[in-house]
Amino acid sequence: MEPSESPMAVVARYQRNPPVDLDSIARDLGIKVYKRPLGKAIAGQIMRDRISGGPSGFSIWVNSEEHPNRQRFTLAHEIAHFILHRDLIETGIVDDTMYRSSLSNYYEVQANRLAADILMPVRLVKAWRVSLQAEAVGRRRTAARSAKGDIHGGSWRATFAIIGAPFS
Ligand SMILES: [Zn+2]
């Protein structure tokens, strides 16, 4: 990563093509990610970690015992804390399974919103909507043998599978 690149520029680079590659975003931000069992109460955490953190001095820990879609959301949430709140992180932020921590709820809501934006960039959501519309058109034109349904049909499902449902 170029030193001049902003964190959001790093994120944007990986939003060009689905699926958004969270592991590469974390790596390029200089964050080391660990996926480990963290117990039933904890979704994830971000720590100041000079020894086992990445070049940024931070490590993120994701509870590997949660559903893969949850783990994806947790990683995006902790990346969001790094981008928005790294100056507020004293030793670390531990998020419970409701994404509550020692930070105020205001900051947690901010992290949840940015996490959603990282996982579901506007561009991908637009593509998903277009595919849905094309599929509907395709169904209506089946009698006319329109190729549209064949081109676009089912692609929205793939898009959604990529984005994932964070709370399933
Ligand atoms: Zn949090």
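Please treat every number below as a calculation from the coordinates, not as lab data. In this text the structure is predicted, and so the values were computed from the model without any measurement. Ideal geometry is used to build each Cβ from the backbone, glycine not excepted, and the neighbour counts take in all protein chains shown.
Measuring r between the beta carbons of SER56 and ASN112 and using R0 = 25 Å, the FRET efficiency lands at 0.70.
Straight-line reach from LYS40: taking Cα to Cα under 20 Å and skipping same-chain neighbours fewer than 8 places apart, the aspartates and glutamates in range are GLU65, GLU66, GLU78, ASP95, ASP96, GLU108.
Just report the Cα centroid separation between segment 1-40 and segment 125-139, whole Å. Computed from Cα coordinates, the inter-centre distance equals 29 Å. Taking other C-beta atoms within 10 Å as the exposure proxy, THR142, THR97 rank THR142, THR97 from fewest upward.
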